[in-house]
1. Need one number: nm distance between label points at Arg151 and Met207, each 7 Å from Cα along Cα→Cβ, rounded to one decimal.
2. By how many degrees, between 0 and 90 and to the nearest 10, does the Cα long axis of helix 109-122 differ from the longest principal axis of the chain?
3. Determine the equivalent ellipsoid of the chain by diagonalising the alpha-carbon gyration tensor, then write out the semi-axes as square roots of 5 times the eigenvalues, largest first, rounded to whole Å.
4. What whole-number value in cubic angstrom gives the convex hull volume per residue for the C-alpha atoms of segment 173-323?
5. How far is helix 88-101 tilted, in degrees, relative to the longest principal axis of the Cα atoms in the chain, given as a value from 0 to 90 rounded to the nearest 10?
6. Roughly what % antiparallel, to the nearest 5, for the DSSP beta bridges in segment 80-233?
7. Tell me, what HN-Hα J-couplings in whole Hz come from the Karplus equation 6.51 cos²θ - 1.76 cosθ + 1.60 at θ = phi - 60° for each residue of segment 282-292, using x for Gly and Pro?
8. Would you calculate the separation in nanometres between label points at Ser100 and Ser278, each defined as 7 Å from the Cα along the Cα-to-beta-carbon direction?
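Every number here is computed from the coordinates shown, using simple stated rules; none is lab data. Only a predicted model underlies this, so the values are computations on that prediction, with no experimental measurement involved. Neighbour counts run over all protein chains shown; Cβ positions are idealised from the backbone, glycine included.
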Amino acid sequence: MNPPIKVTKTNDSSLSTIDFNNIPFGKVFSDHMFLVRFDGEKWHNAEIRPLEKLQVHPGNLAWHYGQAIFEGMKATKLHDGTPALFRPEMHAKRLNASASRMCMPEIPESLFLEAIEKMVRLEADWIPPAEGSALYIRPLMIATDEFIGVRPSKDYTLIIFTMPVGPYYPKPISLLAEEHFIRAAYGGVGEAKAAGNYAASLYPAKMAKEKGYDQVLWLDAREAKYVQEVGTMNIFFVIRDKLITPITDGTILKGITRDSIISIAKSKGLFVEERLVSIDEVVNAHEDGSLTEVFGAGTAAVISTVERIGFRGKDYLLNQDNYKVAPMLKETINGIRSGRIEDTFGWVKPLLPEAIQA
Ligand code: COI
């Protein structure tokens, strides 16, 4: 049985200080957080309480050996003001897949979903009204044993906190296809939403920035030949009117936005291919004019278009004026999230008043 969730509300809300028309991504946090602990056997002490700093022992295992995983999800408001979640069960499943790969305990899906729902209901006034903005939900699971030595922790804490956000990338971005550094190898942890994956990407991203690019376009670890993802999002190409994206082969994140984009594209009659995509194919398609769009898809990024890819000292420019598929997909996914477009996929979970739901 799941532990009951105790709720302590803040009496010091900072909501009135927020300008929803100008929200920097990841810097403004809502009033509450959810916590639940794992003691080696069961999840216990579930509570929602005012957001505050946590006291952590210096020997905390997550800090030393990296057992830390997270999710990124979004809540929006439908046109009638009802808060709604987007594919929350998929996020629960992906969190548990990450947990299993990192030797961490899975959380009962029902407990995770109840916690998310309770948090979003409580923070509903923090959901920005504008379409394309959202309440970003960050579930985070960390090891909490106070112990020095490489072994899985026995104790863990799952924390959920939320933040109103606008676009992660407000402008089209540039990518450097990276042949020296790698993000993930076959058999590694590239598919897990593990904190360490992001830490390992920082130095190559810094190098790419120094060369004038916003992000790295990762290539496979074996041959530096096949495109993987961007790290902050999955990658899509439109070549000869086909929507093409790398297969999820264990090295890339199984993006929930990626999956949604593929379904929307198919429903619009687009031809979609999930397969190996070599950087040579991308470059050749650019050269013969058949590469018309490159864009990334992720929960934070939604759909972010690419204006330039650098590879082996040459820049391949993409004319944003020619983009048709990416804007259509973005419009559709944002429209589904806001209730403006009918959700024929069953992805949106409105959080109706509890009395009506019962
Ligand atoms: C997300 O898309 O939710 C992520 O976790 C990626 C991160 C760059 C914010």
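1. Simple spin-label model gives 3.7 nm for this pair.
2. Its long axis makes an angle of about 80 degrees.
3. On the way: eigenvalues 234, 132, 64 Å².
Listed largest to smallest, the semi-axes of the chain are 34, 26, 18 Å.
4. Details: hull volume 15.1 nm³, N = 151.
Here the figure is 100 Å³ per residue.
5. 90
6. Numbers: 11 of 16 bridges.
Roughly 70 percent of the DSSP beta bridges within segment 80-233 come out antiparallel.
7. So the J values, rounded to whole Hz, are 5, 5, 5, 5, 5, 5, 8, x, 8, 8, 9.
8. The two pseudo-label positions are separated by 3.4 nm.
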